[in-house]
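Structure first, commentary second.
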Amino acid sequence: MPDYGHDLIFGSFITPTNAAPQQVVGLAQVSEAAGLDLVTFQDHPYQPGYLDTWTLLAYVASQTERVHVSGNVLNLPLRPPAVLARAAASLDLLSGGRFELGLGAGGFWDAIGAMGGRRLTPGQGVEALSEAIDIIRGIWDVQDKARLRVDGTYYRVQGAKRGPAPAHDIRIWLGAYKPKMLSLTGGKADGWLPSLPYIQGGLDQIAKDNAIIDAAAVEAGRQPAAVRRLLNIGGQFGPGSDRFLAGPPEQWVEQLAVLTLEYGFSGYVLMGDDPTAIQIFGQEVAPALHELVAAERGSHSGDRATSGAGAVPDTGR
């Protein structure tokens, strides 16, 4: 069973379409008050019912003190990578090191094209994302005094100045499901961030996906543990049932412990806009899962009181 050696982190995935702007910000503040480590937002710039994600991330960072923020995941085809890199570093500096970079290759190509984005095939989207990661990391690498040059098929920078450097080592997490994206995750990313409802094949598929990521990491000369495994999850708190994540907090803890101990996940992001569910997740599920996992691993490293709750721990990249 995989154990990638990461402390657990917990977050929320907020995607309200009809809420007033201050209600959206309020859900982020509820997440922080509940002890969650991370607040994330969708990024579908072609949807007029959503607030612009980048603006929202910056505003939420200014209205919170501890919690990290991220897109879940940012739409790369509508966000040029060199500009995105500078924006990410700037927000990280302004927030005191509280920004993480969730990225996606794109998928709704008709809507992307309608907004002026370039239409790509799924395979081309993966290649473009790979080039973008090189550019983003290159912009952040201020130790290299040479101008940045990347002559890619989809993205090119020809002598761009590097910087600013982020306040902390920003992690790049990829929303990935298909083999090429999973291989890119293992080869270049700091984390895998899929949504459980979109993983076809259940636990067997998760094991296969982990194997693809691990093999790609090794091929790239990396340790599989360099790639944190995070998971967007949904569910309902209530009476016990035989369904996954549909029951009392203790049922959630037992079921998430299986994903942690047997499949290597160390980050759980709750999808939904129910403040009560966010509070239960942060105040009851998270500490109990920390305790159970620590006991199973035979150590107290997962104790929420001593593991730096509220920080996003180093991924070991």
- Task: Identify, from the list L56, L74, L8, L36, the residue that is within 30 Å of D209 (Cβ to Cβ), touching a His at 6+ places or on another chain (Cβ under 8 Å) and of a type outside the set (D, E).
- Result: L8
- Item | Which numbered condition E100 misses (of (1) acidic (D, E); (2) open to solvent by 70 Å² or more (accessible area, probe 1.4 Å); (3) within 20 Å of the chain's Cα centre (by Cα)) | (2)
- Tally, over the stretch 213-243, of residues that are part of a helix (DSSP H, G or I) and open to solvent by less than 50 Å² (accessible area, probe 1.4 Å): 7
- Message: Report every pair of residues separated by at least 6 positions or lying on different chains whose Cβ atoms are under 6 Å apart, first residue within the stretch 224-245 and farther than 20 Å from Q42 by Cα, second acidic (D, E).
- Response: P224/D214
- Task: Would you tally the residues in the stretch 1-25 being open to solvent by less than 30 Å² (accessible area, probe 1.4 Å), within 11 Å of D273 (Cα to Cα) and in a loop (DSSP other than H, G, I, E, B)?
- Result: 1
- Message: When you scan the stretch 164-178, do you find a residue that is open to solvent by less than 20 Å² (accessible area, probe 1.4 Å), at pLDDT 95 or above, in a strand (DSSP E or B) and touching a Ser or Thr at 6+ places or on another chain (Cβ under 8 Å), even just one?
- Response: yes
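Which residue out of G282, G302 is modelled with pLDDT under 95 and either surrounded by 21 or more Cβ atoms within 10 Å (Cβ to Cβ) or aromatic (F, W, Y) (or both)? Talk me through it step by step, then tell me what you get.
On the way: G282 fails: modelled with pLDDT under 95.
After ruling out the rest, the residue left standing is G302.
Can you pull out the residues in the stretch 26-69 that are charged (D, E, K, R) and either assigned to a loop (DSSP other than H, G, I, E, B) or in contact (Cβ under 8 Å) with a residue 60 or more places away in the chain (or both)? Break it down into steps so the answer makes sense when it comes.
First pass over the stretch 26-69, keeping only residues charged (D, E, K, R): 32, 37, 43, 52, 65-66.
Across the stretch 26-69, the qualifying residues are D37, D43, D52, E65, R66.
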- Task: Inspect the stretch 146-153 for any residue being of a type in the set (S, T, Y), in a loop (DSSP other than H, G, I, E, B) and at pLDDT 95 or above and give the result as yes or no.
- Result: yes
- Message: over 17 Å from the mean Cα position of the chain (by Cα), modelled with pLDDT under 95 and open to solvent by 10 Å² or more (accessible area, probe 1.4 Å): is that true of D134 in this structure?
- Response: no
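When the residues of the stretch 157-175 are filtered to those that are hydrophobic (A, V, I, L, M, F, W, C) and more than 16 Å from E131 (Cβ to Cβ), which remaining residue is farthest from the chain's Cα centre (by Cα)? Before you say what the answer is, go through the steps one by one.
Going residue by residue through the stretch 157-175, those that are hydrophobic (A, V, I, L, M, F, W, C) are 157, 160, 165, 167, 170, 172-174.
Narrowing further to those that are more than 16 Å from E131 (Cβ to Cβ): 165, 167, 170, 173.
On the way: A165: 20, A167: 18, I170: 11, W173: 5 Å.
Ranking the candidates gives A165 first.
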- Message: Which count do you get for residues in the stretch 141-156 that are loosely packed, with under 13 Cβ neighbours inside 10 Å, over 18 Å from S130 (Cβ atoms) and within 28 Å of the chain's Cα centre (by Cα)?
- Response: 2
- Tell me, which residue of the stretch 244-272 that is open to solvent by less than 10 Å² (accessible area, probe 1.4 Å) and among the hydroxyl-bearing types (S, T, Y) is nearest to P197 (Cα to Cα)? Y268
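The values are calculated or read from the model by the stated rules, or taken from the named source; none is laboratory data. Given the structure is predicted, the values throughout are model-derived calculations rather than measurements. As a convention, Cβ positions derive from the backbone with ideal geometry for all residues, glycine included, and neighbour counts pool all protein chains shown. Please note that ligands, DNA and RNA were not included when accessible areas were found on the heavy atoms of the full protein model with its side chains. Shrake-Rupley method; radii C 1.70, N 1.55, O 1.52, S 1.80 Å.
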